[in-house]
1. Scanning for something open to solvent by less than 30 Å² (accessible area, probe 1.4 Å) and assigned to a strand (DSSP E or B), does segment 642-658 turn up at least one residue?
2. Taking segment 438-467, which residues are small (Gly, Ala, Ser) and closer than 21 Å to Ala378 by Cβ?
3. Among residues belonging to segment 696-719 that are open to solvent by less than 10 Å² (accessible area, probe 1.4 Å) and among the aliphatic types (A, V, I, L, M), point out the one that is nearest to Gly548 (Cα to Cα).
4. Can you tell me which condition Leu472 does not meet? The list is (1) part of a helix (DSSP H, G or I); (2) open to solvent by less than 30 Å² (accessible area, probe 1.4 Å), and all the others hold.
5. Only one residue in Ser295, Ser253, Ser239 is modelled with pLDDT under 95 and either within 23 Å of Leu414 (Cα to Cα) or out of contact with any helix residue (DSSP H, G or I) (no Cβ under 7 Å at 6 or more places or on another chain) (or both), so which one is that?
6. Of all the helices (runs of 4 or more DSSP H) wholly in segment 770-822, which have at least 1 residues that are open to solvent by 60 Å² or more (accessible area, probe 1.4 Å)?
7. Here are some residues: Leu374, Leu354. Which one is at negative phi and in contact with a Gly (Cβ under 7 Å, 6 or more places away or on another chain)?
8. Is it true that Leu672 is out of contact with any Leu (no Cβ under 7 Å at 6 or more places or on another chain), at pLDDT 95 or above and hydrophobic (A, V, I, L, M, F, W, C)?
Amino acid sequence: MPDQQTATPIRQTTSSIRPFLPALLLLFIGSGCAALIYEIVWFQLLQLAVGSSAISLGALLGTFMGGMCLGSLLLPRKVSPQQHPLRVYAWLEIGIGILGLVVLFAIPWVDRLYASIASFGMNGVFSRAFVAALCLLAPTLLMGASLPAIARWVESTSQSEEASQEGISWLGFFYGGNIAGAVFGCLLAGFYLLRVYDMAIATYVAVAINFAVGGLAWMLAERAPYTPSPRASQPTSFSLSGSPIAFTVIAISGMCALGGEVIWTRLLAMMIGATVYTFSLILAVFLVGLGLGSSAGALIARTSRRPLVLLGWTQLLAMFAIAWTAYMLAESVPYWPVNSVIASSPWFNFQIDLVRAFWTVLPPALFWGASFPLAMAAVNKTAEQPDPARVAGETYAANTVGAILGALAFSIFLVPWLGTQGAQRVLMGLAMVAAILALLPIIKAAASGHKTLPAVILILSIGGGIWLMRGLAPVPWLPLAYGRRAITTTDPGEPLYVGEGMNSSIVISQLPSGRRYFHVSGKVEASTEPFDMRLQRMLGHVSGLVQGDPKSVLIVGFGAGVTAGSFTTYPDMKKIVICEMEPKIPPAATMYFGAENYGVLNDPRTEVHYDDARHFILTTQQKFDVITSDPIHPWVKGAATLYSKEYFELVKQHLNPGGVVTQWVPLYESDLASVKSEIATFFEVFPNGTIWANNNQDNEGYDVVLLGQAEPTKIDVDKIQKQLDSPSYARVAKSLSDVGFASAIDMFATYAGREPEMHAFLRDAEINQDRSLRLQYLAGMGSNYQSATMILNEIEKTRGLPIDLFTGSQVSIARLFDEMKR
């Protein structure tokens, strides 16, 4: 950085700063906007390499926030106070923009590096964190340094305590502006840049914002005088500058804030649909609360003589706000009479979803937002020589450390161990502890016989909090099972099992008829309904019989285990590999679907990898005769990575010669554009691909199976029927007949189309690629539609008689084509 230009020393006061406040606010808004765009883009890109499991997300979040924490601590110690803070800020923003471009172009190379490292078995949490740090540490260090950098200029150089306190309060106000920018960046990226364009365009927009902010900061530095404050000495140690209690309280506040965000995002996403738009809305509302709270806290901190006590009362109010949110999510929001299917446009549903997010998440976020400026004021009050950069940096670092611990502890440990009900009780308990720590002066004063009323209020509040904790109700099983469809489900049956895991919530229910349903995070993923059983067996047997003699298979997603179990019937099967993200799913499914899945979990040929399937395929050197995928719905955030062109290419690379891949594509809760994208992307990699239809009990469209091979597909109907008639394939034949396929002709009569016939149909389809993941934005717009039959009709309009696909006797082929026509 260039040295500070010589200028006439002018002692600044907060009144001389006021003319620059609009420009300073604009700096923070722009910086926050760019930072959130980067966070969304980087997380999406890096999840392609390290996976999207809770462990992987923890590594990404820990690295991102950890870098910001280090940046806030290092700047006061590594950058001289003699440098003009606005020029420092300008260099930071320009540096973030440059590194943003570097990360965009470097991530594909880093992906390859990680795949090479992982091929040697080094794919644990530390290697994932290493990859995340390699990409994110440098830019996030600069992001974290921005607040303490600007603090050196915002803070008055007056020696009076009042001016110092006012300067600290302005920092809280600017922090609120930074969060306001983050809200805008979150919505801009989630609803426009990534929906209409791709991750490269979103990055270029963020880079442009960084450069604009850097240029504005540089121009301000030319006009704004600066004389280093006597307080702004450059420390050589990492000792804290203020009260350890204030740092502890703001750390606990950060822990509660991120822990609450983890819990409530999970629950709200189940209740209103886990699309990318839902996550953007929830994050935006949470940030709005933090921003409004921070601005209000800054106003209060400006005149407060006891900011630590006010910080304590804020934590106590946050405890009651946590109880409010927990109550609303258990007793109110699940029963709102909202039927998302009747909306003529998804934008109407977004309005309702926004209201539900505000109603639940906003109150606690307000108090957590107010905590930050109050904590800075408390640290400033107790510091012997309060340097504004150190005060801001260390307070921000303490809050960030707490946030990292909260995110990891609640997502990886507390929710799986205690469930969301117990985890919310822990949240309330932590807020209570923080309040007691900050309000110790009140307790001591009451013990000495002075000012007993505040202590009485405190004791009554703690008692009320404990009473609320004990009475905290769990989220009902119905929204955990049916999510956004809970209010319209007229015959839900009864729950047999309810479990909350690290990645998903699981419910197994049973109807009065005896039919069992397997629910994952608010969606029915499998059932013993005839059409669901047929689909699950088709995914196994269409691929197994077309391959001819499978010996090894990879199944993406355990579900109820029916697809995986179908491969236990093949006589020469040697290895059944299953990828499942949620450890609670296989044992729960085995308990209630063991007969339908042939006890596959306990089969000696089975090995289960609790990992993201894409991450497993990226890092394994194994090849398979069959890879079959029954992933989660494509409108669910993150699921589009299992429908991308690059993913299918990875799958193709892991097929043995003659190997077969099958992929599930739902027609329900979808629209024509999304289904076209899924089929066209699959056919880009498997140009010989075919489509097989699975209709519901009313013979209406429900879902389809895509089948692909590297080689041209040929299906010998007579040969396959001969296999099914042989004693060694008796279990395979029985497995098919149980779902209505009495012969090979019955099964292959479900043929619905293939790539050569569908060029015109797929002409306008968008290819889902890793750099765009367009499918999750397309599918998120159509997730409330019920157009399955219309979509299937459009597909089958392209279908001809595939004379060159099937071989066999003339009699068999004639029967097959007759069945297709019928």
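1. First, pick out the residues of segment 642-658 that are open to solvent by less than 30 Å² (accessible area, probe 1.4 Å): 642-644, 647-648, 650-651, 654-655, 658.
Within this subset, residues satisfying the condition of being assigned to a strand (DSSP E or B) are 655, 658.
Yes, segment 642-658 contains a residue that is open to solvent by less than 30 Å² (accessible area, probe 1.4 Å) and assigned to a strand (DSSP E or B).
2. Taking segment 438-467 first, the residues small (Gly, Ala, Ser) are 438, 445-449, 455, 461, 463-465.
Across segment 438-467, the qualifying residues are Ala438, Ala445, Ala446, Ala455, Ser461.
3. Among them, the one singled out is Ile715.
4. (1)
5. Numbers: Ser295 fails: either within 23 Å of Leu414 (Cα to Cα) or out of contact with any helix residue (DSSP H, G or I) (no Cβ under 7 Å at 6 or more places or on another chain) (or both); Ser253 fails: modelled with pLDDT under 95.
Unique residue meeting the criteria: Ser239.
6. Working: elements: 774-782, 788-796, 810-821.
Those helices (runs of 4 or more DSSP H) span 788-796, 810-821.
7. Values: Leu354 fails: in contact with a Gly (Cβ under 7 Å, 6 or more places away or on another chain).
The unique qualifying residue is Leu374.
8. Numbers: out of contact with any Leu (no Cβ under 7 Å at 6 or more places or on another chain): yes; at pLDDT 95 or above: yes; hydrophobic (A, V, I, L, M, F, W, C): yes.
Against the criterion (out of contact with any Leu (no Cβ under 7 Å at 6 or more places or on another chain), at pLDDT 95 or above and hydrophobic (A, V, I, L, M, F, W, C)), Leu672 qualifies.
The values are calculated or read from the model by the stated rules, or taken from the named source; none is laboratory data. A quick note: this is a predicted structure, and the numbers were derived from the prediction, not measured. As a convention, Cβ positions derive from the backbone with ideal geometry for all residues, glycine included, and neighbour counts pool all protein chains shown. Heavy atoms of the whole protein, side chains included, go into the accessibility calculation; ligands, DNA and RNA do not. Shrake-Rupley method; radii C 1.70, N 1.55, O 1.52, S 1.80 Å.
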